[in-house]
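Just so it is clear, none of the values below were taken in a lab; they were calculated from the coordinates. The structure displayed is predicted, hence computed values, not measured ones. Virtual Cβ from ideal backbone geometry, glycine too; neighbours counted across all protein chains shown.
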Amino acid sequence: MKIIVAVKRVVDFNVKVRVKSDGTGVETANVKMSMNPFDEIAVEEALRLREAGVATEVIAVSIGPAQAQETIRTAIAMGADRGILVRTDTAVEPLAVAKVLSALVAEEQPGLVILGKQAIDDDAGQVGQMLSALVGWPVATFASKLVVADGKAEVTREVDGGLQTVEVKLPAVVTTDLRLNQPRYATLPNIMKAKSKRLDDRPLADLGVDAAARLTVLKTEEPPRRKGGIKVGSVAELVEKLRDEAGVL
Amino acid sequence: MTTLLIAEHSNSKLSEQTAKALTAALALGAPVDILVAGHEAGAAAQAASQLAGIRKVLLADDVSLAHQLAEPLVATVLALADGYDAIVAPATAVGKTVAPRVAALLDVSQVSEVIEVLAPDTFKRPIYAGNAIQTVKTGQARNVLTIRTASFRPATAGGSAPVETVAAAADPGISRHVGSQVSESARPELTAARVVVSGGRALGSAEKFSEVILPLADRLGAAVGASRAAVDAGYAPNDWQVGQTGKIVAPDLYVAIGISGAIQHIAGMKDARCIVAINKDGDAPIFQVADYGLVGDLFEILPELTAALPAASEKAAG
Amino acid sequence: MSEETAAMPERESMEFDVVIVGAGPAGLAAAIRLKQVAPELSVVVLEKGAQVGAHVLSGAVVDPIGIDALLPDWRQEEGTPFRTPVSEDRFMILSKESGFTLPAWLMKLMPPLMHNDGNFIVSLGEVCAWLATKAEALGVEIYCGFAAADLSYDENGAVEGVILGDMGVHKDGSHGPDYTPGMKLLGKYVLLAEGARGSLSKRAIHRFGLDAGRDVPKFGIGIKELWEVAPERHRPGLVQHSFGWPLDGRTGGGSFLYHLDNNLVAVGFVVHLNYANPYLSPFEEFQRFKTHKAIKPVFEGGRRIAYGARAITEGGWQSVPKLVFPGGALVGCAAGFVNVPRIKGSHNAVLSGIEAANAVAAAIGAGRSRDTLDAYEAGWRNGPIGQDLRLVRNVKPLWSRFGTYAGIAMAGADMWLTTLFGGWSPFGTLRHGKPDHASLEPAARHARIAYPTPDGVVSFDRLSSVYLSNTNHAEDQPVHLNLADAALQKQSELAEFAGPSTRYCPAGVYEWMGTGDEARFVINAQNCVHCKTCDIKDPNQNIDWQPPQGGEGPVYVNM
């Protein structure tokens, strides 16, 4: 079966973002961009399934501007067989991304779509679940373990307070959590070879999907600076404040 | 205009997250119904009916809903969705899984992790791990929201809304619950814990770290964290590390013990509702972000503090 | 490179015509020139930073002479990084309580080489990103995130290429599940463009005796911040330098403060690393400099957005080693072409890249490889780089010998003489004296300096500062700062010199925990910003800086 992995080009997670003082967003000019870390985990998991003989082809997909090609090339350098860039220069909401992916799912007919649980820029955490709804497949979110056999996927999920194991019928959507795997490095020889592998570049408009924005970002600001509070004089005073004032006990 | 709040519960108990999400749901200004979808969830529904300010509780009871599996739960919500223009869920593992699926089926763009409701159509939410805050306005007639409950106080009890039974939708049958492994230890998972107790390099040794920090954590039913310096020195294991290169936590209460407050650590816990710092050095940077600071010898303070606190198990459930 | 692995790992290797280590101005200029004169050559540039510019840090006021030579039509282009011409040049002498700005007429009396007319205030990182785009358009392959960890030698002992660092090695040196031996990149010639105190350059200099007969290398540490200032405080095109406070007369160094566009101000402080007092903390000197009442106002209502540090070469004319060795050459700051009084080096870096590239292209064209590029070595002193550096060769020695005030005054006079008399100086060519690490004096001879606590408004602590460099390193990898002799560190660096590493490191990498016999040297390698100061200044040369995994270290943006 084929596996589609969606990868997003985001501000590198080591870079401390700066909010523009005019409130229009976060400064991204000249800033290092990288593959969303959860998507790296998704690519790695797909590659392991192919190496185990469960999948035959891993296709890396991204929706974004021309530079997103670099992100797809990284996925290919890690080992993905080919890539698809759905090109658009405007920001797309998760619902639109899900619609684009569902169009690609209809074309490619994969048995599994693996995505990161959230992108570290917008932290929306929606695309996998939305995609699953649009294509009528089950979804297993926050996967920390994935076993595929006999047309089913057994997924151990990280939930509040512990782990839950579910079994979903394929085809299915899985979103990755941090502990699913440790992604491999894209080695230099593979990066060099990735340049000549197939990467289809298609304009978003060609897919006939409604990608119009429904939400408007009115402003982007820095989080309120935490101010120092008070110093208490004793343990007793501390306990009292925590219980009566802060209400956290 | 009415709002449907999807309750977070474990069938026999209603989670506190529901009460917090309710505060946000009520802020939308429309009557709120709470959906309790589970199996043998009467107790949870009862508890929900006692939350103040709601119109009614809808109870959907079916074995397929016993473990909060996404597909049957979404099907049930969808069957009710027509009557509501806002569907709200706490941003728990269940809420985060169910809400977007509902949104897509309703062709609605979701707003995730709302931290403040400015108007029925305008919300604040964090992006870039909380390093920036977006104010988002929706132009949609119908909306789906998930709520970052750490930002809301729980709605009060004292109401008595009617509980109405509704049909659970048919199980789509494409998923199956295999098993659950809820952490049995008194210690919750660090990133989901309500309370985190963290130790720094000042503890001086792995033995002292266990001796001093763990009893306090046990007392509070808290997860245990550590500063990078403490981890590097071998006083705590790697997966206890809180901070920029470790875990990012947003508990209700974060107690930093013997931690100086390097910004890399603060980056990992700055979204905690309440920060307590205990340190010998009154000038340590941690006091600049702590709501309550106690300057003194942690080896004297900690045992006293642990003894002065009510045990976590004595507290009311939820 | 670890010698611990029993068998040499199987390495993939690939051949190019030219391998360049470092995507800074020198490396990129060399790459571009190679493709301009010999487009058929395969040229690869390796860069250890996560992207071009990630490890580039400079003031910077740039003399476009290098870029003019490399890209003669650049001024006709849109969107170049040279957006802010210098419009005003100020020189201040600070005392604790006041600041004296040199009047305009006195500025005019400075030797012509010191004038900034026609120069630009830039982000050197942005310039490098711009050069990289041009290089790639010409067919240069640039690979970021790959650190060249060692040189590879052929059977004749000539440099045949570089070996990239292994990935996936555990902290204890054992191989993890993702272990990948670094690839070998072979070339007919290898150009080392690593910047000041490059690790491969250090090896080449040592192995081939390139410093024989040359003066010792000299360095400074440059610490820089980028600030977004209030619009009413912003004066684009303003270049400001200062001497004096907070440094004493015997410690070389000074500040720079440049107004770029977009309300950005680049501010920094250089401390010459031949300082004697082991209690000196360059980072804290910089922080307190910003609190001076003549300096502080520009930062009011502003916010600090970036921080970083890098060693800067100061040896100049006397210290440049032999540039060529069998199979390769040093270009840029790896050789050490900074003009100290002008505080400029990128122009010479670009010029040296061009010269080296010309020599390489000619050699390959004549069917040569893996030999010495004698034309490059023979030509530089008579060319533009030599002309630039020869005039100022006595400035640093005079400054070091006679202290800041007398030294600079004499240096000013000397520069006039060399300017007027074609390079002649009554001093001849002065030598530098001791290497920087040997200048450190025992702690017993000095008093601790009481630095003020950071105010959190214009001055900050080290860790908050390192945070803004975006530096990152995987925790589970061998520590890249190699301590040769741990016992020596305790009995000398700590006992005799009171742990200067805890002060000269701008990133808080080094700490001494505990006291007396219990004292432990803690190396927080993850904080490292790759400035190389420890490699230079450790009094026993006990610390050897090696590149950690590629793609790590700081991620400077617009620095």
Subject >> Reach of C:Lys537 by Cα under 20 Å, taken over lysines that are not fewer than 8 positions away in the same chain >> reply: C:Lys202, C:Lys218, C:Lys224, C:Lys396, C:Lys434, C:Lys490
**OP:** Compute the acute angle (0 to 90°) between the alpha-carbon long axis of helix B:298-308 and the principal axis of greatest extent of the alpha-carbon atoms of chain B; round to the nearest 10°.
**Re:** 40 degrees
Original post:
At a Förster radius of 41 Å, what calculated FRET efficiency corresponds to the Cβ-Cβ distance of C:Tyr153 and A:Lys197, to the nearest 0.05?
Top reply: 0.75
Original post:
Amide H of C:Tyr510: which non-local residues (sequence gap of 5 or more, or other chain) have their own amide H closer than 5 Å, using H built in the peptide plane?
Top reply: C:Asn524
Original post:
In straight Cα distance, which aspartates and glutamates are under 16 Å from B:Lys13, not counting same-chain residues fewer than 8 positions off?
Top reply: A:Asp160, B:Glu40, B:Asp61
Original post:
At what distance in nm do the modelled label points of A:Ala106 and C:Thr133 sit from each other, each positioned 7 Å from its Cα along Cα→Cβ?
Top reply: 3.8 nm
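Sort C:Ser459, C:Ser255, C:Ser346 so that the residue with the fewest other Cβ atoms within 10 Å of its own Cβ comes first and the one with the most comes last.
Working: C:Ser459 21, C:Ser255 25, C:Ser346 28.
Fewest-to-most ranking of C:Ser459, C:Ser255, C:Ser346: C:Ser459, C:Ser255, C:Ser346.
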Original post:
How crowded by other chains is C:303-313, given as the mean number of beta carbons from other chains within 10 Å of each beta carbon?
Top reply: 1
Subject >> Other protein chain Cβ atoms within 10 Å, averaged over every residue that makes up B:138-144 >> reply: 2
Subject >> Structure-based [θ]222 nm, chain B - -39500 (n - 2.57) summed over DSSP H runs of at least 4, per residue, nearest 500 >> reply: -7500 deg cm²/dmol
Original post:
Nearest 10 degrees, 0 to 90: what angle lies between the long axis of helix B:93-105 and the longest principal axis of chain B (Cα atoms)?
Top reply: 40 degrees
Subject >> 3J(HN,Hα) from dihedral phi, segment C:365-374, Karplus parametrisation 6.51/-1.76/1.60, rounded to Hz, x for glycine, proline >> reply: x, 8, x, 8, 6, 6, 10, 8, 8, 4
Original post:
Roughly speaking, what is the centre-to-centre gap between segment B:116-136 and segment B:187-235 when only Cα atoms are used, to the nearest Å?
Top reply: 32 Å
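Only sites in a loop by DSSP and with at most 11 other Cβ atoms within 10 Å count here; which GluC sites (Glu not before Pro) in segment C:103-186 make the cut? Spell out each step's value before the answer.
On the way: sites: C:Glu126, C:Glu136, C:Glu141, C:Glu155, C:Glu160; in loops: C:Glu155.
Qualifying residues, ordered by number: C:Glu155.
What does the charge add up to near C:Val395, with Lys and Arg as +1, Asp and Glu as -1, over the other residues with Cβ less than 12 Å from its Cβ?
Values: positive: C:Lys218, C:Arg342, C:Arg390, C:Arg393, C:Lys396, C:Arg401; negative: C:Glu314, C:Asp414.
Counting the neighbours of C:Val395, the net charge comes to +4.
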**OP:** With label points built 7 Å along Cα→Cβ from the Cα atoms of B:Gln46 and C:Gln387, find their separation and express it in nm.
**Re:** 9.5 nm
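Cα convex hull of segment B:3-166: how many Å³ per residue?
Working: hull volume 15.8 nm³, N = 164.
Value for segment B:3-166: 97 Å³ per residue.
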Original post:
What residues from segment C:230-255 fall in the zone where the backbone N is under 20 Å from a label point 7 Å along the Cα-to-C-beta line of C:Ala447?
Top reply: C:244-252
Original post:
Taking N as the number of residues in the protein assembly as shown, what is its Cα Rg relative to 2.2 N^0.38 Å?
Top reply: 0.98
Original post:
Dividing the alpha-carbon radius of gyration of chain B by 2.2 N^0.38 Å (N being the number of residues), what value is obtained?
Top reply: 1.08
Original post:
Based on Cα positions only, what radius of gyration and what Dmax would you give for chain C, in angstroms?
Top reply: 22.5, 69
Original post:
At what distance in angstrom do the alpha carbon centres of segment C:358-422 and segment A:101-174 lie from each other?
Top reply: 63 Å
Subject >> Debye log10 I(q)/I(0) for segment C:437-545, one point scatterer per Cα, at q = 0.12 Å⁻¹ >> reply: -0.45
Subject >> Net charge of neighbours whose Cβ lies under 12 Å from the Cβ of C:Phe82, counting Lys and Arg as +1 and Asp and Glu as -1 >> reply: -4
Subject >> 14 Å Cα-Cα reach of A:Lys145 towards aspartates and glutamates, excluding residues that sit fewer than 8 places from it in its own chain >> reply: A:Glu44, A:Glu45, A:Glu154, A:Glu158, A:Glu167, A:Asp177
**OP:** Can you check what the net charge comes to around A:Ile76, using other residues whose Cβ is under 11 Å from the Cβ of A:Ile76 (Lys, Arg +1; Asp, Glu -1)?
**Re:** +4
Original post:
What are the radius of gyration and Dmax of segment C:216-299, computed over its Cα atoms and given in Å?
Top reply: 13.6, 46
Subject >> FRET E, pair C:Asp73, B:Val63, Förster distance 56 Å, beta-carbon r, rounded to 0.05 >> reply: 0.15
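Pulled fully out, how much extra length does the chain show between C:Phe100 and C:His170, if you take 0.36 nm times their separation in residues and subtract their Cα-Cα distance? If you can, show how the numbers build up before the last one.
Details: separation 70, 0.36 × 70 = 25.20 nm, distance 5.47 nm.
This chain segment gains 19.7 nm when fully extended.
Expected output is a single nm value to one decimal: the length gained when fully extending between C:Ala362 and C:Ala378, i.e. 0.36 nm times separation in residues minus the C-alpha distance. What is it? Please report the intermediate quantities before stating the final value.
Numbers: separation 16, 0.36 × 16 = 5.76 nm, distance 1.46 nm.
So the extension gain works out to 4.3 nm.
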**OP:** Can you tell me how much longer the chain between A:Thr24 and A:Arg82 gets when fully stretched, taken as 0.36 nm per residue apart minus their C-alpha distance, in nm with one decimal?
**Re:** 17.3 nm
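Students often get this wrong, so check it: of A:Lys117/B:Lys96; A:Lys20/C:Lys296; A:Lys20/A:Lys99; C:Lys184/C:Lys532, which have C-alpha atoms separated by over 19 Å? Mind dumping the intermediate values first?
On the way: A:Lys117/B:Lys96 10 Å; A:Lys20/C:Lys296 23 Å; A:Lys20/A:Lys99 31 Å; C:Lys184/C:Lys532 25 Å.
Table pairs above 19 Å Cα-Cα are A:Lys20/C:Lys296; A:Lys20/A:Lys99; C:Lys184/C:Lys532.
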Original post:
Among B:Thr156, C:Thr453, what is the fewest-to-most ranking by other Cβ atoms within 10 Å?
Top reply: C:Thr453, B:Thr156
